[in-house]
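Only the coordinates and a few stated rules stand behind these numbers; no lab work does. All figures in this text were calculated on a predicted structure; none of them were measured in a lab. Cβ placement follows ideal geometry from the backbone for every residue including glycine, while neighbour counts extend to all protein chains displayed.
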Amino acid sequence: MDKDYRPYYRNSEDSDDFATSKGRNYHQGPEWLWPTGFYLRALLTFNPPNIETLQQINLRMDGCRKAINESSWAGLTELTNKGGEICYDSSPTQAWSASCLIDLYYDAAKVKLQPRGN
């Protein structure tokens with residue numbers, strides 16, 4: 001693990017730790033949600049278009065579905081802290097996070113499944 005990794009983003013922190021004070025670790029610690037959609041789209045694109053691939057994508061979407069259902073904004077957050085913990089200093093819903101998953105659904109709807117073994 002990188003020695004400079006700081007997994008908890010607190011923009012309001014005003015401490016003697018230069019790496020985290022005043023939210024300086026915005027790009028060096030919290031977990032960004034929006035790359036999830038790109039990762040899953042790559043999984044769809046570079047794996048055989050079969051039921052197993054779609055099942056893997058569906059399983060990896062569980063956390064996103066849960067987050068949308070539990071959010072009072074019915075959206076996906078900008079950031080999470082270590083291990084997916086709520087990051088209260090991030091936007092509670094962000095268009096990038098959701099739009100990447102909408103693109104994934106659009107791509108998945110166009111998939112023509114191949115029979116097993118092909």
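Placing +1 on the Cβ of every Lys and Arg and -1 on the Cβ of every Asp and Glu, with nothing else charged, gives region 28-118 a dipole about its Cα centre of roughly 440 debye. Between residue 111 and residue 85, the modelled labels are 3.4 nm apart [label points 7 Å from Cα along Cα→Cβ].
The trypsin sites (Lys or Arg not before Pro) of region 64-118 that meet both conditions, a loop assignment by DSSP and at most 16 other Cβ atoms within 10 Å of the site Cβ, are 110, 112, 116.
Where only DSSP H runs of four or more residues are counted, the chain gives -12000 deg cm²/dmol as its mean residue ellipticity at 222 nm, each run worth -39500 (n - 2.57). If one takes the longest principal axis of the Cα atoms in the chain, at what angle in degrees, from 0 to 90 and to the nearest 10, does the Cα axis of helix 51-60 lie? The helix 51-60 is inclined about 20 degrees to the chain. With an a/c value of 1.5 or above and a/b larger than b/c for the gyration tensor axes a ≥ b ≥ c computed over the alpha-carbon atoms, the chain is described as prolate.
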